[in-house]
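Asks: My questions all concern the structure below.
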Amino acid sequence: MSANLGAWLCVLAAVAVAAVLPPAADALGMNWGTQATHPLSPRIVVQMLKDNGIKKVKLFDADQATLSALAGTDIEVMVAIPNNLLDLMNEKDNAREWVRHNISRYHFDGGVNIKYVAVGNEPFLASYNGTFDKVTFPALQNIQNALNDAGFSEIKATVPLNADVYNSPSANPVPSAGRFRTDVTQLMTQMVQFLANNSAPFTVNIYPYLSLYLSADFPVDFAFFDGLATPVVDGVNTYTNVFDANFDTLVSALAAVGHGDLPTIIGEVGWPTDGDKHANNALAKRFYDGLLPRLAANTGTPLRPAQYMEVYLFGLLDEDVKSVAPGAFERHWGVLRFDGQPKFPMDLTGKGQNTMLVPAKGVRYLPRTWCVYNPNAEDKSKLVENVNYACTFADCTALGLGSTCYGMDVNGNASYAFNMYFQVQNQKDEACDFQALAVPTQTDPSTAACNFPIQIAASSTSGGRRRTRAGPLGAVALFVLALAQLLISH
């Protein structure tokens, strides 16, 4: 063989491999959650997805306005059945009706390109104490069978699962020892077999951030991809980051039930930007700067090297009424702010370019008016209960320890709480009084670190929302209350 011929064959081989592995833009999707007091209009969000070249989206329901906005775009869609509907889907007729109403009606030329149906969302979480264990697999079976019967066998039903459904024993904490959790092993074995029989993928949510958040002893660098961590050696394989180690623990668990080659989707992966000392823009950028080039190069993991990996980033937008039970960071997973504005440079192509995402277009805001603490208030005795009220019905998570607004004085903390409530209430006059403890202002009270937002106007949202309870008071509001009490005592 001549040197020139050999070189050409190498080039042809490289082209062939490139043709087999989908490009990064095709592999990358976004989770689009809508747990917000003022969610952006679906049409604005869909245009933003298109502007950023995002060709896959994962939803948490089958909302009609969202699906209508996606019609005609050819964006691949994973629609979802929430956990509270799983019991209903145990009836075959209900499953057929769900498919008719949420799949069939969008299946036409110029309709919605639905590729997957997510049956539940992390239904086997250990913290659910088995609530959905008996209803999830029958729901999965009925939905896939209903899809097949309706002529949509190319649409696959799957169950997005939290990574806590598998682990490796504490005595041998390496990926090759991965097994499904003992309380769900039989259930997982049956479900995996069903997925394999229907050529459907396994879907798992992997969060390196949570490994760091939940363990004070977790090595920070092991949560990232820049090779600074002490590696974990597992036989012939070496792991330099927790994402690879976690994924391969799953691969080992799948192999243990006879399906080590089952196609696997990363349903959620991301890094929050507020609500905790490790949740900030800088670390989020570090995480994505490591993850995205790996996806673009189809790097794979030690047990699945050089393989295409379908991944959905979590998430697209911040959501100000998500439950903060897991932590205050839950409302800050978005790579974009609540209004569709980018937070930090991010190159979805994985080429490492220092570019910003294309922001949402056509977003209208409320007037540039803020609500702040009134330092001239005569009676401060009701400050505690008023801050309590504001933080119960608005998002005060940015005030917590290690968060972006942590460290302001008492006036600043009270002002932030009052303004968040004022904005959620669409700047109604009566929403900036708090028993004469607050006053409106046209002077932006934001600091270099802490942004006091102006909410988006109703015309940019998906419609009017009733007052939404932001959730339990929690540590953030208690922190504000402590400062308020200090103010009263002085």
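Only the coordinates and a few stated rules stand behind these numbers; no lab work does. Only a predicted model underlies this, so the values are computations on that prediction, with no experimental measurement involved. Quick reminder, even Gly has a Cβ in these numbers, built from the backbone with ideal geometry, and neighbours come from all protein chains shown.
Asks: Just to verify a number: FRET efficiency for residue 133 and residue 105, C-beta to C-beta distance, R0 = 35 Å, to 0.05?
Replies: After rounding, the FRET efficiency stands at 0.65.
Asks: Highest first, please rank the peptides 94-106, 245-257 by the mean number of other Cβ atoms sitting within 10 Å of their residues.
Replies: 245-257, 94-106
Asks: Run the quick spin-label model on residue 430 and residue 88: label points 7 Å from Cα toward the beta carbon, then report their separation in nm to one decimal.
Replies: For the pair residue 430/residue 88, the computed spacing is 3.5 nm.
Asks: DSSP H helices in the chain with Cα extent of 24 Å or more along the helix axis and mean Kyte-Doolittle hydropathy at least -1.0?
Replies: Result, helices passing both filters: 3-20, 133-149.
Asks: Ok, one more. Efficiency by 1/(1 + (r/R0)^6): what FRET value for residue 150 and residue 185, r their Cβ-Cβ distance, R0 = 45 Å, to the nearest 0.05?
Replies: E between residue 150 and residue 185, to the nearest 0.05, is 0.90.
Asks: To continue, here is another question. Amide H to amide H, which residues 5 or more places from residue 117 or on other chains are under 5 Å from it, using H placed in the peptide plane?
Replies: Amide H to amide H, under 5 Å and 5 or more residues apart or across chains, residue 117 pairs with 156, 157, 158.
Asks: In straight Cα distance, which aspartates and glutamates are under 19 Å from residue 92, not counting same-chain residues fewer than 8 positions off?
Replies: 133, 149
Asks: May I pose another question? For the stretch 441-457, just list the computed ³J(HN,Hα) in residue order, Karplus coefficients 6.51, -1.76 and 1.60, θ = phi - 60°, integers in Hz, with x standing in for Gly and Pro.
Replies: In residue order, the calculated couplings are 8, 9, 9, 5, x, 4, 10, 4, 9, 10, 8, 9, x, 9, 6, 6, 6 Hz.
Asks: Using a simple spin-label model with points 7 Å from Cα along the Cα→Cβ vector, what separation in nm is obtained for residue 214 and residue 353?
Replies: So the label points at residue 214 and residue 353 sit 3.8 nm apart.
Asks: Measure off 7 Å from each Cα along the Cα-to-Cβ vector at residue 325 and residue 238, then give the distance between these two points in nanometres to one decimal.
Replies: Reported label-point gap for residue 325 and residue 238 is 4.2 nm.
Asks: Under a cut-off of 20 Å between alpha-carbon atoms, report the aspartates and glutamates in cross-link reach of residue 351, not counting same-chain residues fewer than 8 places apart.
Replies: 26, 51, 226, 289, 310
Asks: Would you mind telling me the antiparallel percentage of the DSSP bridges in the chain, rounded to 5?
Replies: About 35 percent, rounded to the nearest 5.
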